[in-house]
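Undergrad: Structure in C-alpha cells, see below.
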Amino acid sequence: MIDSSAGKNWAVFLSVMLLILACAVVWLSTVELVDANIIRPVRHSVQFAYPLLLLAMLARPLQQILRKPWTAKLLRRRRLIGVAFAGAMTAHLLLIAFRFWYTPELTYPTSNLVIGGGAYVLLYLMFITSFDGPTRALGPKKWKLLHRVGLVYAALIFAAPRTLDEISEFEYLKLGVPMLIVILVRLVAWQQSPRRDS
Ligand code: HEM
C-alpha cells in the first residue's frame, strides 16, 4: 500500500514530466524532425525546471524573513516543489536521450556529460530521499548535507557563467539574474538568523 506522501510525490513527479513530454511531442509533430527543432524542447524542459529550483531555494529564507501564511505554505510544499523539479529534469534527460537516439552522429563534450551526469546522480538521490522511509534511514544531518550539495550543484550548472563574455548576454542573464536575487534573499535570511552567531 503506497502512503499518501509517496503517492503525492509520484503524482507530482509523473504529471510534471508527462506535461513537458506531451508539449514536446505536440511541438515535434508540427515541425520537421531535424536537430534544430529537437533541441528546442530540450532547452524548454530546463526553462520549465529552473523556476522550481529557485522556489525550492527560496522557500525557507522567505519564511524566515517574512513569516507570512503564504511563505509558511510554500515551505510546507518545498518537498513537492523539489519533486516537481526532478520530474522536469527527467523530461530534460529523456529528451536528450531522444535527441542522441534520433541523430546518433551528434557529439557532446565529455566534460559536460560528466558534470551533467553527476548532477543527475545527486538529483535522483535527492528524489529518493524525498520519500519518508529513505529520509528516516539517512538521518537529518546526512539528508541536509545531500540536499544542500545537490541544490548548490544544480544552481551552479544553471547560473555559473560559462565564459566572461557570456555574462552580458541575455541567454545568460535570464538564468544568472534570478539566481543572484535568490542568493541575496538567502544572505538576508542568514544575516537575520539567530544561528548565525552559534
Ligand atoms: C548528462 C546530462 C546532460 C546533458 C547531456 C545535457 C544536454 C543539454 C543540451 C543538448 C542542451 C541544449 C543545448 C543548446 O541549446 O545548444 C542543454 C541545455 C541546458 N541544460 Fe542540459 N544536459 C544535461 C544535464 C543538465 C543538468 C543536470 C542541468 C541543470 C541542473 C542542465 C541545465 C541546462 C541548461 C540551463 C540549459 C540551457 C537552456 C537554455 O538555453 O535556456 N542540463 N542541455
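The values are calculated or read from the model by the stated rules, or taken from the named source; none is laboratory data. The structure presented is a predicted model; accordingly, all values stated were derived computationally and were not measured. Every residue, glycine among them, receives a Cβ derived from its backbone with ideal geometry; neighbour counts consider all protein chains shown. Side chains included, ligands, DNA and RNA excluded: accessible areas come from the protein's heavy atoms. Shrake-Rupley method; radii C 1.70, N 1.55, O 1.52, S 1.80 Å.
Undergrad: For residue 61, all conditions in the list (1) loosely packed, with under 14 Cβ neighbours inside 10 Å; (2) touching a Lys or Arg at 6+ places or on another chain (Cβ under 6 Å) hold save one; what is the number of the exception?
TA: (1)
Undergrad: With the structure loaded, tell me whether residue 176 is modelled with pLDDT of 90 or more and closer than 22 Å to residue 47 by Cα or whether it fails that test.
TA: Numbers: modelled with pLDDT of 90 or more: yes; closer than 22 Å to residue 47 by Cα: yes.
When the stated conditions are applied, residue 176 passes them.
Undergrad: Ok, one more. Name the residues in the range 150-173 that are free of Cβ contacts under 8 Å to residues at least 60 places away in the same chain and closer than 20 Å to residue 84 by Cβ, would you? Give the derivation first.
TA: First, the residues of the range 150-173 that are free of Cβ contacts under 8 Å to residues at least 60 places away in the same chain: 150, 152-153, 156-157, 159-173.
Passing the criteria: 150, 152, 153, 157, 159.
Undergrad: When the residues of the range 66-119 are filtered to those that are among the hydroxyl-bearing types (Ser, Thr, Tyr) and open to solvent by less than 30 Å² (accessible area, probe 1.4 Å), which remaining residue is farthest from the ligand (Cβ to nearest atom)? So that I can check it myself, show each step before the final result.
TA: Within the range 66-119, the first condition is being among the hydroxyl-bearing types (Ser, Thr, Tyr), and the residues that meet it are 71, 90, 102-103, 107-108, 110-111.
Subsequent filtering for residues that are open to solvent by less than 30 Å² (accessible area, probe 1.4 Å) retains 71, 90, 103.
Working: 71: 25, 90: 11, 103: 11 Å.
In this case the residue turns out to be 71.
Undergrad: Only one of 57, 89, 126 is touching a Gly at 6+ places or on another chain (Cβ under 7 Å) and either farther than 23 Å from residue 186 by Cβ or not hydroxyl-bearing (Ser, Thr, Tyr) (or both). Can you tell me which? Give the steps one after another, and end with the answer.
TA: Working: 57 fails: touching a Gly at 6+ places or on another chain (Cβ under 7 Å); 89 fails: touching a Gly at 6+ places or on another chain (Cβ under 7 Å).
One residue alone meets the criteria, 126.
Undergrad: For the range 21-38, what are the residues that are surrounded by 10 or more Cβ atoms within 10 Å (Cβ to Cβ) and outside any helix (DSSP H, G or I)?
TA: Across the range 21-38, the qualifying residues are 31, 33, 34.
Undergrad: Then there is this: For the range 156-170, indicate whether the set of residues that are surrounded by 11 or more Cβ atoms within 10 Å (Cβ to Cβ), away from the ligand (no atom under 11 Å from the Cβ) and under 30 Å from residue 128 (Cβ atoms) is non-empty.
TA: Looking through the range 156-170, none of the residues is surrounded by 11 or more Cβ atoms within 10 Å (Cβ to Cβ), away from the ligand (no atom under 11 Å from the Cβ) and under 30 Å from residue 128 (Cβ atoms).
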